[in-house]
């Protein structure tokens, strides 16, 4: 049996902060299991929220400088985590923060210079997990399906509800995975217009009124008719969703309508898998705490929804990025071409060595 200790670091499009998970992975003849040993979440300061949200409109110099600054910042957070929990990982897998994701022009950009992270943590760091897949004509996303397949394979369908909802499942011997629709990236944006960070338990949506004309417009968007592989970015939301959110519609009603739209599209993706009755759907990500959204998904879904522990809900993507780091350390494939549209599976992730040489 082979054992690896790794840290996964995740920052999502919702801009709520950085998740860190320290995980022990065990591999025995191709079978994997894991134990989540420690985890933390670090909320972004107002400075970093503003910096990251405005950076796509900034200059090339700002992008280059923030790439380094965010690497230093991430390295400091990880180092504090290492000290707090007294751990020494074999590798740290870092997602970085996505600034651009435009797969139609073979572009995806995550900031957080791995050299600065490795220097701060004195650890081996794997980062930039998407570029190799893009070079192989893939979209660079989604990346979690390899973790879903090898760590969560007992669940027929795995869905993460973050800034976007994404799904993965096995169709015979083929992994199918794609971004379904926006979730928290829009819901949080609207909730903040009402002076709240997010719609706690979905209560705003529950008490709002669905605007059926808007709901119809949303459900007719081209993305939902496009076959996988497909992925979404903030740019897609700005181009296709925000222009539909009319000022004359109350913000609470917009939240209610977006919630219903997300629930319908997620349930449609579940029902479209054609998996047999009794199959379970594992839901994770921040949106899994939205009780109203979960109720609406279950209302439209033909399969049963399963919510794991709160730690698993929060940390699943960080756990998988730790796992991507371990696979990179082993020089194993850590992407799935059927999920991203790449020419082949690949070994993805740039390595930065921050540990001192033994020589």
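No value in this document is a laboratory result; all are computed from the given coordinates. As the structure is a prediction and not an experimental result, all values here were calculated from the model. Backbone-built Cβ (ideal geometry, glycine too); neighbour counts: all protein chains shown.
Segment residue 242..residue 35, full-extension length gain: 70.5 nm, with 0.36 nm per residue of separation and the alpha-carbon distance subtracted. Dividing the Cα radius of gyration of segment 44-153 by its Kirkwood radius returns 1.00 for Rg/Rh. For the pair residue 225 and residue 49, label points projected 7 Å from Cα toward Cβ lie 3.8 nm apart. When the Gaussian network model of the chain links Cα atoms closer than 10 Å, the mean-square fluctuations of 143, 306, 124 top out at 306. Shown here: segment 267-359, whose C-alpha atoms stretch 61, 33, 18 Å along the first, second and third principal axes, sorted largest to smallest.
Look at the alpha carbon pairs under 8 Å that are at least 6 residues apart: their mean separation over the length of the chain gives a relative contact order of 23 percent. The angle between the Cα long axis of helix 184-193 and the main principal axis of the chain comes to about 70°, on a 0 to 90 degree scale. Spin-label model, residue 203 to residue 216: label points 7 Å out along the Cα-to-beta-carbon direction sit 3.4 nm apart. Computed over the alpha-carbon pairs of segment 146-312, the distance histogram in 5 Å steps reads 2, 9, 19, 23, 21, 15, 8, 4, 1, 0 percent, short to long.
Sorting 337, 130, 328 from the fewest to the most surrounding beta carbons within 10 angstrom yields 337, 328, 130.
Principal-axis analysis of the Cα atoms of the chain puts helix 310-329 at an angle of about 40° to the longest axis.
Counting neighbouring Cβ atoms within 10 Å and putting the fewest first, the residues 305, 167, 255 line up as 305, 167, 255. Where is the GNM fluctuation largest for the chain (alpha-carbon springs, 10 angstrom cutoff): 50, 173, 332? Result for the chain, Cα springs under 10 Å: 173 fluctuates most.
Counting beta carbons within 10 Å around each of 346, 181, 127 and listing the fewest first gives the order 346, 181, 127. Extending 7 Å from the Cα toward the beta-carbon at both residue 174 and residue 2 defines two label points whose distance is 2.9 nm.
Take the chain, connect every pair of alpha-carbon atoms lying under 10 Å apart with a spring to form a Gaussian network, then pick out the residue of 201, 19, 171 with the largest mean-square fluctuation. Checking each option, the largest mean-square fluctuation is seen for 171. Compared with the dominant principal axis of the Cα atoms in the chain, helix 251-271 is inclined by about 70°.
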